[in-house]
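Working notes for the structure below.
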């Protein structure tokens, strides 16, 4: 089947309109989960069906798309989604954060600071931050409505009691604009501070769970903590073995069977740009 | 058992000058054709403990659930005196206000502690939850309060970081009480608090409850089918049968000189030790 037979960016216009309405509502109520009629997409649930629908609804012919998976541009998931839009929308794609107008991401926020003319789209597996505390959807919606979020601190309390610190390392719960509790999707908590007052528009799509939410530009995003156990991000003793960065999020890579290992930047574009000697 | 001293009633008597904390008027609740409660009226004054007795199926627990705002009654009103002195119909309050009351000013002790505890969360987390719900954000303070309350309910402080799933039934019940009282509620509703415990554990729990209720000046409504529990804890009793209040009065008066035939039967059914 040739790409020409698809509507622009795969989704039909009616569906895009429906998703855009959900997006407008999500932007108007920062952090609030807006239900939407999620469609079947030509990739399995858990691979970014929510993110891909959001991207399809906002992308235009002039847009430049970057897709990352755990910070990397060259993984199967990232390449497939980039190709998907290159075929169905004919848009230009890039691996450079600075060149992109839309960044779709799974589980990372790029190291290069985003700008006000960029949009970042997160793929979200489970949107409900209270899910593991309260299994009933009717009850969690009520808890959001009444801002009853004390139970979330019980979870942090338990972490500190058992392990001496909050061990939640990714998908660390945040409070948006002082109101709604939100899952930032499974990004490492290292990236949480980047959500706070970010100049770019941040959109979150959960395809299987049929929810969309958003953080408008410059919105306050606070990570939950205790006064005597403040939120902090992870740090490394090592530097990136390739580019030497000591400020980026590092992956530990096992290199052989003798225990050899190296630490490298998880953000491939950032690392590559530093090695090429240009500013990322 | 008849020799057992009732709780210090002086507090209840002086309190009569004050307006009541809780007023129930003509409360009715049916489940389809089954009438669970009908025309139940009573008042509860600050510092007073009211016992609700009756056989199983007499509507005691339905009444309690209506008082707690967990069930919407078909008729009648439940009025509660808010901290600012205003009497408020709890079903006219918004759900947000009612839920706030339920986690700050009210406590609810379930018959089965498993309904009132988070079994996978440590004892400290269970006690601290209400504090965190109302905005406590200092780990050290929450923990100190939890330890203090474990001590008050006679649980070894070394169990602070154990989950209640590893506690005995009596300890779970005491933990549930601590979890409710930590936020210093003004009104505690208890549904058969000693129901599933053996007698020696019951006795200690009753001792503890008497001490706490007296010491904190709590008002409480205790639902029980056990007349000796009622005699030990309650200042006043109401006797329910088939959803209606058949007799009400001071505890000793009701139990020693019952007027209604059903109350007479109930009082006579207690095995004399």
### Query
Once both labels are modelled 7 Å past Cα along the beta-carbon direction, what's the residue A:252-residue B:244 spacing in nm?
7.4
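With Rg and the Kirkwood Rh both taken from Cα atoms, where does Rg over Rh land for the stretch B:86-142?
Details: Rg = 13.8 Å, Rh = 13.2 Å.
Result for the stretch B:86-142 is an Rg/Rh of 1.04.
Sorted from fewest to most neighbouring beta carbons within 10 Å, what does the list A:270, B:262 look like?
Details: A:270 23, B:262 17.
Ordered from fewest to most neighbouring Cβ atoms within 10 Å, A:270, B:262 come out as B:262, A:270.
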### Task
Could you work out the Kirkwood radius for the stretch A:1-135, taking every pair of different alpha carbons, averaging 1/r and inverting it, reported in Å?
15.5
### Task
Determine the relative contact order of chain B: mean sequence separation of Cα pairs under 8 Å and six or more apart, normalised by residue count, in whole percent.
27
#### Entry: Computed P(r) (all Cα pairs; the stretch B:175-266; 5 Å bins; percent)
3, 12, 24, 23, 18, 13, 6, 2, 0
### Additional length obtainable on full extension of the chain from residue B:141 to residue B:267, 0.36 nm per residue less Cα span
40.6 nm
### Task
Could you tell me what percent of the DSSP beta bridges with both partners in the stretch A:96-204 are antiparallel, to the nearest 5?
35
### Task
Take the Cα gyration tensor of the protein assembly as shown, multiply each eigenvalue by 5, square-root it, and list the three semi-axes largest first, rounded to whole angstrom.
59, 27, 18
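Taking the number of other C-beta atoms within 10 Å as the exposure measure, put A:256, A:251, A:171 in order starting with the fewest.
Values: A:256 7, A:251 15, A:171 19.
Final ranking by Cβ density, sparse to dense: A:256, A:251, A:171.
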### Summary
Contact order relative to length for chain A, counting C-alpha pairs under 8 Å separated by 6 or more residues, stands in percent at 21
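Averaging the inverse of every distinct alpha carbon separation and then flipping it gives the Kirkwood radius. What is it for chain A, in angstrom units?
On the way: mean 1/r = 0.0509 Å⁻¹.
19.6 Å is the Kirkwood radius here.
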### Message
For chain B, take the longest principal axis of its alpha carbons; what is the angle in degrees between that and the long axis of helix B:123-133, to the nearest 10 within 0 to 90?
### Response
80
### Distance (nanometres) between label positions extended 7 Å along Cα→Cβ at residue B:114 and residue A:92
6.4
#### Entry: On Cα atoms only, tilt of B:95-104 relative to the major axis of chain B in degrees
70
### Task
For the stretch B:67-103 and the stretch A:130-145, compute the distance between their C-alpha centroids and round to whole Å.
22
### Query
In which sequence would B:87, A:182 go, from the one with the fewest C-beta neighbours within 10 Å to the one with the most?
B:87, A:182
#### Entry: Antiparallel bridges, percent of DSSP beta bridges restricted to the stretch A:1-128 (to nearest 5)
15
### Test item: B:88-101 mean partner chain Cβ contacts at 10 Å
1
### Message
Testing the spin-label approximation: label points 7 Å from Cα along Cα→Cβ at residue B:199 and residue A:8. State their distance in nm.
### Response
8.5
### Summary
Between the alpha carbon centres of the stretch A:1-51 and the stretch B:200-254 the gap in Å comes to 60
### Query
Between the helical axis of B:139-152 and the dominant principal axis of chain B, each derived from Cα atoms, what acute angle in degrees is found, rounded to the nearest 10?
50
### Task
Take the alpha carbon gyration tensor of the stretch A:138-264, find the square roots of its eigenvalues, order them as a ≥ b ≥ c, and report rounded if a/c is under 1.5; if not, report prolate when a/b exceeds b/c, else oblate.
prolate
### Kirkwood estimate for chain B, i.e. one over the average of 1/r between Cα atoms, Å
19.1
### Message
Give me the base-10 log of I(q)/I(0) for the stretch B:116-205 at each q in 0.14, 0.16, 0.22 Å⁻¹, Debye formula, one uniform scatterer per Cα, rounded to two decimals.
### Response
-0.46, -0.60, -1.11
### Task
Pop the C-beta distance of residue A:241 and residue B:148 into the FRET formula with R0 = 45 Å and round what comes out to the nearest 0.05.
0.30
### Task
Take every DSSP beta bridge whose two residues both sit in the protein assembly as shown, then give the antiparallel share in percent to the nearest 5.
55
### Query
If you build a Gaussian network model of chain B, linking Cα atoms that sit under 10 Å apart, which residue out of B:181, B:216, B:50 swings the most?
B:216
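No lab work stands behind these numbers, since they all come straight from the coordinates. In this text the structure is predicted, and so the values were computed from the model without any measurement. Methodologically, a virtual Cβ is constructed for each residue, glycine included, from the backbone with ideal geometry; neighbour enumeration extends over all protein chains shown.
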